[in-house]
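FYI, it's all coordinate maths here, none of it is from the lab. If you're wondering where the values come from, they're calculated on a predicted model, not measured in any experiment. No Cβ is skipped: glycine too gets one built from the backbone with ideal geometry, and neighbour counts run over all protein chains shown.
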Amino acid sequence: MTYSRIVGTGRYLPERIVTNADLEKIVDTSDEWIRTRTGVERRHVVAEDETTSDMCVEAAKTAIKDAGIDFADIDLVITGTTSPDLIFPNVSTLIQHRLGIPACTAFSLEAACTGFIYALTLADKFIRLGDAKCALVIGAECITKLMDWSDRNTCVLFGDGAGAVIVKPSDEPGIMSCHLGADGQYRDLLYYPVGASNQLAKAGTDEAAIQMTGSEVFKVAVKTLGGIAAETLEKAGIDKSELDWLIPHQANIRIIQATAKRLDLPMEKVILTVQDHGNTSAASVPMALDVGIRDGRVEKGQLILMEAFGGGFTWGSVLMRL
Ligand code: ACO
């Protein structure tokens, strides 16, 4: 049986850092409020002329080098993002062309903060079915471009970035269990009010910005993430005590703590980047994975649970051995 396995990782963060102190000058907030309610201390923000594909290309180059493969080896590119450069062509085709990857299957998907988990789950299926031999999977977001910088309910939360992984076939897992979910009944709790077939005229105006009922999102996120973590472990026949690392979506330190508690995991076994990156939506999990691997904490052979929750709502998790 063929499994899929992550063999390289990379991340890119924009140069500009916005601290909580910087935000105190823009909206009625405080460093203390932001830290205690969210865990965020600073976030990276794209330059005006910087795009999602710019960030993806840099993260992908690092992941390709880390995996020791050639650009020409890649035959599948999947990007999870809600902030693509264009409505079409999809951002994966832009990345494929810019990196000189030969013509291949390349598409993007939109599942808000769960975008990378959805993308990795699809790549796993392509590889296990023998339909791809080497996948570039990316989670990336220029989410600050969708934000109203005068809305303190949202502008303190988000940041930009891109995380990339290379996935290849393997005789041993690798990815052991994937679990995806979505329920559109919650669409009004977290959304961006402009799309290609709806309200496009509002794009770029004050009315077009992320809308969020934070406290309600919080409650459903805690409940759903606890449930999906348990389901994923059960599906793979793994006991929570066997986990080496939880690599969660970095939306809010309190949501992460609640998920870790339900898994009986001490916070030392959780990779945290929320303090430095903020909520980077689809980019947060692959960037946190890359941080954990590069600083030497996450090692080959270890058992890792990655999970995410986002607008829709969408949610998902992947259990894997590195
Ligand atoms: N600074 C100071 N005060 C603030 C700020 C701020 N930046 N933002 C809100 N407040 C105020 C509110 O106005 C409110 O004041 P009031 O009591 O006088 O009305 C008070 O703080 C409490 O507001 P709540 O919204 O109840 O605060 P809460 O403790 O719920 O924290 C937060 C808000 C951080 C947004 C939290 O609810 C959260 O993290 N929610 C989940 C977000 C999330 O997970 N998103 C998921 C994915 S994102 C995606 O998919 C794109």
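Starting from the Cα gyration tensor of the stretch 106-173, take the square roots of the eigenvalues, sort them a ≥ b ≥ c, and report rounded, prolate or oblate (rounded when a/c is under 1.5, otherwise prolate if a/b is larger than b/c, else oblate).
Working: a/c = 3.50, a/b = 3.29, b/c = 1.06.
Prolate shape, in that a/c is at least 1.5 and a/b is the bigger ratio.
For Asp276, Asp295, what's the fewest-to-most ordering of other Cβ within 10 Å of each Cβ?
Asp295, Asp276
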> List the lysines whose alpha-carbon lies under 17 Å from that of Lys125, not counting same-chain residues fewer than 8 positions away?
Replying inline: Lys133, Lys168, Lys235
>> Going by amide H atoms built from the backbone, whose H comes under 5 Å of the H on Leu76, apart from near neighbours?
In response: Cys134, Leu136
> So which trypsin sites (Lys or Arg not before Pro) in the stretch 226-322 are both in a DSSP loop and have at most 16 other Cβ atoms within 10 Å of their Cβ?
Replying inline: Arg297, Lys300
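Would you kindly state how much longer the chain becomes between Glu48 and Arg294 on full extension, computed as 0.36 nm times their sequence separation minus their alpha carbon distance, in nm to one decimal? Present the calculation step by step, with values, prior to reporting the outcome.
Numbers: separation 246, 0.36 × 246 = 88.56 nm, distance 2.90 nm.
Difference between extended and current length: 85.7 nm.
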>> Between Ala72 and Leu303, what is the label-point separation in nm under the 7 Å Cα-to-beta-carbon projection?
In response: 4.1 nm
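Once you order the gyration tensor axes a ≥ b ≥ c over the Cα atoms, which shape class does the stretch 141-193 get: rounded for a/c under 1.5, otherwise prolate or oblate by comparing a/b with b/c?
Numbers: a/c = 4.06, a/b = 1.82, b/c = 2.22.
The shape class here is oblate.
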> With charges set only on the Cβ (+1 for Lys and Arg, -1 for Asp and Glu), what does the dipole of the chain come to about its Cα centre, in debye to the nearest 20?
Replying inline: 580 debye
>> Under a crude label model (7 Å from the Cα following the beta-carbon direction), how far is Ala258 from Lys61 in nanometres?
In response: 4.1 nm
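Would you order Ile101, Ile26 from fewest to most other beta-carbon atoms within 10 Å of each residue's own beta-carbon? Working shown, then result.
Numbers: Ile101 24, Ile26 13.
Ascending number of Cβ neighbours within 10 Å: Ile26, Ile101.
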> Roughly how many nanometres apart are two label points built 7 Å out from the Cα toward the Cβ at Asp244 and Leu86?
Replying inline: 4.2 nm
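How much length, in nm to one decimal, is gained on full extension between Ile26 and Met1, taken as 0.36 nm per residue of separation minus their Cα-Cα distance?
Working: separation 25, 0.36 × 25 = 9.00 nm, distance 5.55 nm.
Going from the current span to full extension adds 3.4 nm.
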>> Quick check on the chain: take the gyration tensor over C-alpha atoms, sort the square-rooted eigenvalues as a ≥ b ≥ c, and tell me if it's rounded (a/c under 1.5), prolate or oblate.
In response: oblate
>> Quick check for you: which residues of the stretch 125-165 have the amide N under 11 Å from the point 7 Å beyond the Cα of Arg37 toward its beta carbon?
In response: 152-157
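Where does the charge balance sit around Asp290 when Lys and Arg score +1, Asp and Glu -1, over other residues with C-beta under 11 Å from its C-beta? Intermediate values should be presented prior to the final figure.
Details: positive: Arg11, Arg294; negative: Asp66, Asp295.
Its environment carries a net charge of 0.
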> Using the count of nearby Cβ atoms within 10 Å as a rough guide to exposure, how do Met212, Met320, Met55 rank from fewest to most?
Replying inline: Met212, Met320, Met55
> What's the center-to-center distance, using Cα atoms, between the stretch 207-263 and the stretch 1-52 in Å?
Replying inline: 19 Å
> Tell me, what HN-Hα J-couplings in whole Hz come from the Karplus equation 6.51 cos²θ - 1.76 cosθ + 1.60 at θ = phi - 60° for each residue of the stretch 190-195, using x for Gly and Pro?
Replying inline: 7, 7, 10, x, 10, x
